[in-house]
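Reading through the structure tokens given below for one structure.
Bear in mind that the values in this text are calculations on the coordinates, not laboratory data. Model, not experiment: these values are computed from the prediction. A quick note on method: Cβ atoms are made from the backbone with ideal geometry, for glycine too, and the neighbour counts reach across all protein chains shown.
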Amino acid sequence: MARAIWSGSISFGLLNVPVKLYSAVARRNIALREIRESDSARIKHRRVAEGTDEEVPYDEIIKAYEITPGQYVPISKDEMSSMAPEKTRAIEVQDFVDLDEIDPIYFDSPYYLGPADGAEKAYSLLAAAMKASGKVAIARFVFRNKEHLAAIRTSGGVLTLTTMRFADEVVATSELEEVLPDEAPKVAKKEQEMAEQLIESLSTDFEPGAYRDEYREQLLGLIERKAEGKEIVASEAEAPQATKAPDLMAALEQSIAAVKEKGAKPKKAAAKKRKAPAKKAKATKAKKASSRSKAKSSK
């Protein structure tokens, strides 16, 4: 059963909808320990004062900001607490926007919002209204001693909340000026058309279940084989080489041919075309049935 990790209320206008926050992600990380190779002794990390072997108790450690090398401005735990955002329980909606106006780079962690006891009707009302509007609510709320920007939307009658990054947390593309060419290289029209054709041949509907964490599966397999005492022969992985400019057309042509050999993935347009004849067949059957009914009534 899902366990709520936060509770509060969605607030916009004079409407307050009590909700509970649930994690929408189940991490599948593989926990690896650090050990000494010679005898498998577990490695532990200690907090020690620099230049000594003296371990420092946790309650004696405070935060500090380094203004110059070796010179710090200490900040006590009480001072940190006084600066913490107010622990409010309101998810305050600021605006409603279109989803396609939000660059995915701003999205962070997803959560589910469920109704608190007695708030089922208000929750359903908000979910239905948001679905009809097609809008996303942009809100602010305090979670784990930090103020978050968040996007609230509806999916299948359930409200979801995704924390977002503030604008100053997203690195501007101007920071890449030194690594990007001063002028974009000219692309031949034929090359672009071939690249677009390759994209089109690989286009399909998004199915989340079709993608697996292959690295995690391989790592689990490796652990199982080693646990069984099997010998593992490591192979060196070579980094893929960049396609040289004169070979772009050849690489594109080979890629398109390879996709065709595997069989083209079903495209959205093709799926719609396949459905159309079915509708036409239904209409024809209905028309024939209506004609037979009229013939019988005339007799």
* To do: For TRP6, list long-range residues whose amide hydrogen, built 1.01 Å from N in the peptide plane, is under 5 Å from its own amide hydrogen.
  => LEU21
* Segments 3-15, 44-56, 214-226 sorted - mean Cβ within 10 Å per residue, highest first -> 3-15, 214-226, 44-56
* Structure fact -> Once normalised by the length of region 106-179, the mean sequence separation of its alpha carbon contacts under 8 Å that are 6 or more apart gives a contact order in percent of 37 percent
* **Gain on full stretching of the segment that runs from SER7 to ILE105 - 0.36 nm per residue minus C-alpha separation** => 32.6 nm
* Collect residues whose amide H, placed 1.01 Å from N in the peptide plane, falls under 5 Å from the amide H of ALA116; neighbours closer than 5 in sequence don't count. => VAL19, LYS20
